[in-house]
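Participant: One structure, pasted below without further comment.
The values are calculated or read from the model by the stated rules, or taken from the named source; none is laboratory data. Keep in mind it's a predicted model, so treat the numbers as computed, not measured. A quick note on method: Cβ atoms are made from the backbone with ideal geometry, for glycine too, and the neighbour counts reach across all protein chains shown.
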Amino acid sequence: MPDHLQAVGITKRYGGVYALKGASFALRAGEVHALVGENGAGKSTLARILAGSARADSGAILLHGAPVEITTPLDAQRLGIGIIYQELDLFGNLTAGENTVIGNLHFPEGRLVSFRRMEEFCRPFLRQVGLDCDIRQTAAALSIGQRQLLAIARALSMDARILLMDEPTSSLFDDAAERLFGLIAALKQRGVSIVYVSHKMDEIFRVADRATVLRDGETIGTVDVAGTSVNELIRMMVGRELQIDSIKTARAARPPSGEIVLAAEKLTTAKLRQVSFELRRGEVLGIAGLVGSGRSELGAALFGLHRITGGTLRLAGELRAPRSPRDAMASGVGLLPEDRRLEGLMMRMSVLENATLAVLPRLSGLGFIHRRRERASLAPVARQLALNCPSPAAPVGQLSGGNQQKVLLARWLLLNPTVLFLDDPTRGIDIGAKQDIYRLIDELAAAGKAIILVSSELPELLRCCHRILVLNEGCVTAHFDAAEATQEKIMSAATNAGVRA
């Protein structure tokens, strides 16, 4: 089978740091080809170069054996190459329909764009990915999972023959991910070639024909997925044996008996309906649910981002309803948001500035920040998190996704809240970084912190949590102890809106 697309000797530097060093890659017609590697290995950089949103310093791109110049996303679209970015490139203030048709060569433009014509064009693609939304709704008003589905629908609408998918399921719960896998199979049947970038081994072994491994910007090798194993791929990715924690811990089977530090009774907001639960010191409470179930909205209510309109919330026994993030932090509540780039980090600010943002008052005097004290406060936390960055002064936007997430975690470790709400903390990060975060969750719980963990990955909830709360349409539909919970039980509760706990 001839190579459909080739990248040969691709090198890309950002400042003095190599993102790619002579990396090569070949895609066959009609195959699903996985690009795998740790965060910072160069996978997303290579995908962006192929999609025209970044330019290589050297190397060549060949399409059907002939060299091509891809200097802009429009060049890529004309060549039949589309991309779904891990960090979604949607326009928040534009509607779902406008995001789908803007810059789309397949949408018949006129002087005026009618809503009817836009609806007719968009609806089939939205239906394909299972996104049921008003195309007049702004992208910013959608949840991150819904925005991910919108980005996939937009890429499909461009009728690409080569489709680059960068962590496409990172914010999708099992039902939406299953729909995507079915869509990939259908596209493959139509002869579409897919480059699939993912850290999720189960997905790679489910959808990919071959896998190319990158490490530190270099190509380590390409293997047939059917003829290799998870352990072999991981060895190629990290260059060493990696111990994977994939089973329930003994801790998860023994619920903690510490004091209740947070109690919600019939908590109601614009998106939540009479949600009740208790959280004890040293406990990890998991939150499961489909996209739009109210998982992130619960964190927003606890952190003072969404107004509580009914019910009660007690923190450390005191009746509290945080009116702002400042109020929530003063009450001992921290929130690691679902979208680290949009809601958590200031991408042009340094690692140090982002990490210490919540504790500046204790690092300041007479209106000035004590820089030496600031650096000294970050150093032990960076070691605890195994944070890998060139310098604390480096812009956080230059770090890999896993290290960006660790900077956000460093912020909360410095603040030291009693209750920490972690909203999909391992979204889009590699296996090694995931293990670091799992161990951190264990350590924090052992130290007496109360943790609420939202995750789109059910095995992650089963591995980390003492108890699991399931939400559907803003309501609690089930509540499991870790010892009795299974993926089947959780999915059944997450998809059954008629059952109320």
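Participant: Answer yes if at least one residue in the stretch 374-383 is more than 26 Å from the chain's Cα centre (by Cα) and closer than 15 Å to Phe421 by Cβ, and no otherwise.
Facilitator: Among the residues of the stretch 374-383, not one is more than 26 Å from the chain's Cα centre (by Cα) and closer than 15 Å to Phe421 by Cβ, which makes the answer no.
Participant: In the list Tyr85, Tyr14, which residue meets the criterion of being more than 19 Å from Gly221 (Cα to Cα), among the aromatic types (Phe, Trp, Tyr) and in contact with a strand residue (DSSP E or B) (Cβ under 8 Å, 6 or more places away or on another chain)?
Facilitator: Answer to the check: Tyr85.
Participant: Among the strands (runs of 3 or more DSSP E) confined wholly to the stretch 142-244, which include 1 or more residues that are of a type in the set (D, E, K, R)?
Facilitator: The qualifying strands (runs of 3 or more DSSP E) are 162-166, 210-215, 218-224.
Participant: Considering each of Phe107, Phe115, Phe91 in turn, give the residue that is in the same structural domain as Arg154 (by TED's automatic domain parsing), aromatic (Phe, Trp, Tyr) and free of Cβ contacts under 8 Å to residues at least 40 places away in the same chain.
Facilitator: After applying the criteria, what remains is Phe115.
Participant: Could you please let me know if Ala386 is within 23 Å of the chain's Cα centre (by Cα), within 23 Å of Ala300 (Cα to Cα) and surrounded by fewer than 23 Cβ atoms within 10 Å (Cβ to Cβ)?
Facilitator: Taking the combined requirement at face value, the residue does not satisfy it.
Participant: May I pose another question? Could you say which residue among Ser293, Ser276 is buried (at least 22 other Cβ atoms within 10 Å of the Cβ), among the polar types (S, T, N, Q), in contact with an Asp or Glu (Cβ under 7 Å, 6 or more places away or on another chain) and touching a residue at least 60 places away in the same chain (Cβ under 8 Å)?
Facilitator: None of the others qualify; the one that does is Ser293.
Participant: What are the residues in the stretch 19-41 that are among the polar types (S, T, N, Q) and either assigned to a loop (DSSP other than H, G, I, E, B) or on the phi > 0 side of the Ramachandran plot (or both), if any?
Facilitator: Of everything in the stretch 19-41, just one residue is among the polar types (S, T, N, Q) and either assigned to a loop (DSSP other than H, G, I, E, B) or on the phi > 0 side of the Ramachandran plot (or both), namely Asn39.
Participant: Within the stretch 75-83, identify whether any single residue is crowded, with 20+ Cβ neighbours inside 10 Å and under 24 Å from Asn403 (Cβ atoms), and answer yes or no.
Facilitator: Scanning the stretch 75-83 turns up at least one residue that is crowded, with 20+ Cβ neighbours inside 10 Å and under 24 Å from Asn403 (Cβ atoms).
Participant: With respect to Lys188, is the statement that it is among the basic types (Lys, Arg) and either outside the structural domain of Gly80 (by TED's automatic domain parsing) or under 21 Å from the mean Cα position of the chain (by Cα) (or both) true?
Facilitator: For Lys188, the condition - among the basic types (Lys, Arg) and either outside the structural domain of Gly80 (by TED's automatic domain parsing) or under 21 Å from the mean Cα position of the chain (by Cα) (or both) - is not met.
Participant: I'm checking my understanding of the structure. Among residues of the stretch 316-344 that are modelled with pLDDT of 90 or more and aliphatic (A, V, I, L, M), which one is surrounded by the fewest Cβ atoms within 10 Å (Cβ to Cβ)?
Facilitator: Only one residue fits best here, namely Ala330.
Participant: Cβ-Cβ distance below 6 Å, separation of 6 or more or different chains: which pairs start in the stretch 296-322 with a residue that is of a type in the set (S, T, N, Q) and end on one that is part of a strand (DSSP E or B)?
Facilitator: What qualifies is Ser296/Asp423; Thr309/Thr268; Thr312/Glu265.
Participant: For Arg348, state whether it is closer than 20 Å to Asp89 by Cα and either outside any helix (DSSP H, G or I) or not assigned by TED's automatic domain parsing to the domain that holds Ser170 (or both).
Facilitator: yes
Participant: Would you please name the residue that is nearest to Arg281 (Cα to Cα), looking only at residues in the stretch 452-501 that are modelled with pLDDT of 80 or more and basic (Lys, Arg)?
Facilitator: Arg467
Participant: Also, quick follow-up: Among the residues of the stretch 9-18, is there at least one that is assigned to a strand (DSSP E or B), within 25 Å of the chain's Cα centre (by Cα) and either among the hydrophobic types (A, V, I, L, M, F, W, C) or not assigned by TED's automatic domain parsing to the domain that holds Asp202 (or both)?
Facilitator: yes
Participant: Across the stretch 104-131, what is the number of residues that are assigned to a loop (DSSP other than H, G, I, E, B) and surrounded by 13 or more Cβ atoms within 10 Å (Cβ to Cβ)?
Facilitator: Of the residues in the stretch 104-131, 5 are assigned to a loop (DSSP other than H, G, I, E, B) and surrounded by 13 or more Cβ atoms within 10 Å (Cβ to Cβ).
Participant: So which residues in the stretch 415-428 are of a type outside the set (S, T, N, Q) and either touching a strand residue (DSSP E or B) at 6+ places or on another chain (Cβ under 8 Å) or not assigned by TED's automatic domain parsing to the domain that holds Arg320 (or both)?
Facilitator: Leu415, Pro417, Val419, Leu420, Phe421, Leu422, Asp423, Asp424, Pro425
Participant: I'd like to check something: does the stretch 441-449 contain any residue that is of a type in the set (Lys, Arg) and over 23 Å from Gln405 (Cα atoms)?
Facilitator: Checked the stretch 441-449: no residue is of a type in the set (Lys, Arg) and over 23 Å from Gln405 (Cα atoms).
Table: residues versus (1) without any contact (Cβ under 8 Å) to a residue 60 or more places away in the chain; (2) touching a Ser or Thr at 6+ places or on another chain (Cβ under 9 Å); (3) crowded, with 19+ Cβ neighbours inside 10 Å.
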| site | (1), (2), (3) |
| --- | --- |
| Lys406 | yes, no, yes |
| Leu415 | no, no, no |
| Glu443 | yes, no, no |
| Ala450 | no, yes, yes |
| Leu461 | no, yes, yes |
| Glu473 | no, yes, no |
| Ala478 | yes, yes, yes |
| Ala485 | yes, no, yes |
